[in-house]
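Asker: Okay, handing you the structure first.
The values are calculated or read from the model by the stated rules, or taken from the named source; none is laboratory data. None of the values given here were measured: they were computed from a predicted structure. Positions of Cβ are backbone-derived with ideal geometry, glycine not excepted, and every protein chain shown enters the neighbour counts.
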Amino acid sequence: MDDIAFWALAGFAAVLVGLSKGGLPVVGMLGVPLMSLVMSPVMAAGLLLPIYVISDMFGLWAYRRAFDKRVLAIMMPAMTLGVGIGWATASVVSEAWVTLLVGVIGAAFAANLLIRAGRVVQAKPADVVPGMFWGAVAGFTSFVSHAGAPPYQVFVLPLKLEKAVFAGTATIAFAYVNAIKLIPYYALGQLSLSNLKVAAILAIPASLAVFAGVGLVKIIPEKLFFQLISWTLLAVSIKLIRDGLGGVT
C-alpha cells in the first residue's frame, strides 16, 4: 500500500467519507468505488469502515442537537436487522447484484425527485412500516458495500426535514450502523492490523473534512442543498448500476 495512486485515491475517499459525516451523506458512497480502482471492493469496504467510525465521532458531536428522534427510533432497529441479514448471507449473496439493486433504487428515486422539483409537495409523515422496510434495506446495503444512503433517503427525503436535522439524523443513524458493523466485519476477516494502521492515517483528512461538511451545510441554501443531494444520488446510483452490471455479466 505504498503506491502513490493508492494514497491519492485513499486520501480522496477519506475526505469524501468525512464530508458525508459532516452532512453531505451521499458523497461517502463514492469511497468504495474509488478504492476499488486499486483493490478489491471487499478489501476497500474493510479498510474504509474504521475511517467511517472515527469520522462518525466528530459528526455526532457536530450534530448532537440536530436530529429527528422519531426517524431514528423507527430506522435504527430495522437497520440492525438489515446488518444481521447481510452478515448471515455474506457467503451467498452476490455483491454485484446488491450493487445493481441499490443503483436502480437510488436512480429511480433521484430521477423522480428531480422531475418533480419545483412542485409543491406536502411533507409525508414518518410512518413505521415503510421506515422499517427501508431501514432494513439500508442496513443490508450498508453492510455489503457502505451503500446505505439511497434506501435511507427513499424514506427520509419525502419527510422534508430541515437541512441540519436531515444531515444530523443521517449522521447519527449511520454512525450507529457503522459501529455495529465492526463485529461482523471482524468475524469475516475484513479488518486486519495493516488495514487499521492505514485507516489511522486516513482518519486525519477524514476528520478534518467532517467540519468542512458541516460548514457547507450551514452556508448552502436549503433548496440548493436538497437539489445537490438529489443530483449526487443520481450520479452515484448510475455508477452503482454500471458497476453492478459489470459484475453480473
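Asker: Of the conditions (1) modelled with pLDDT of 75 or more; (2) within 28 Å of A5 (Cα to Cα), F67 clears all except one; give me its number.
Answerer: The one condition F67 does not meet is (2).
Asker: Mind checking which helices (runs of 4 or more DSSP H) fall wholly inside segment 25-114 and carry at least 2 residues that are small (G, A, S)?
Answerer: Filter on segment 25-114 gives 41-62, 69-88.
Asker: Is it the case that I229 is modelled with pLDDT under 85, farther than 19 Å from A73 by Cβ and either charged (D, E, K, R) or buried (at least 22 other Cβ atoms within 10 Å of the Cβ) (or both)?
Answerer: yes
Asker: Moving on. How many residues does segment 7-59 hold that are modelled with pLDDT of 85 or more, touching a Lys or Arg at 6+ places or on another chain (Cβ under 8 Å) and farther than 18 Å from G168 by Cα?
Answerer: Of the residues in that region, 1 qualify.
Asker: Have a look at G189, G247 and point out the one that is modelled with pLDDT under 85 and more than 28 Å from M76 (Cβ to Cβ).
Answerer: The unique qualifying residue is G247.
Asker: For segment 199-226, enumerate the residues that are at pLDDT 80 or above and surrounded by 18 or more Cβ atoms within 10 Å (Cβ to Cβ).
Answerer: A199, L202, A203, P205, A206, S207, A209, V210, G213, V214, V217
Asker: What number of residues within segment 195-249 are polar (S, T, N, Q), more than 14 Å from A110 (Cα to Cα) and assigned to a helix (DSSP H, G or I)?
Answerer: Residues meeting the conditions: 2.
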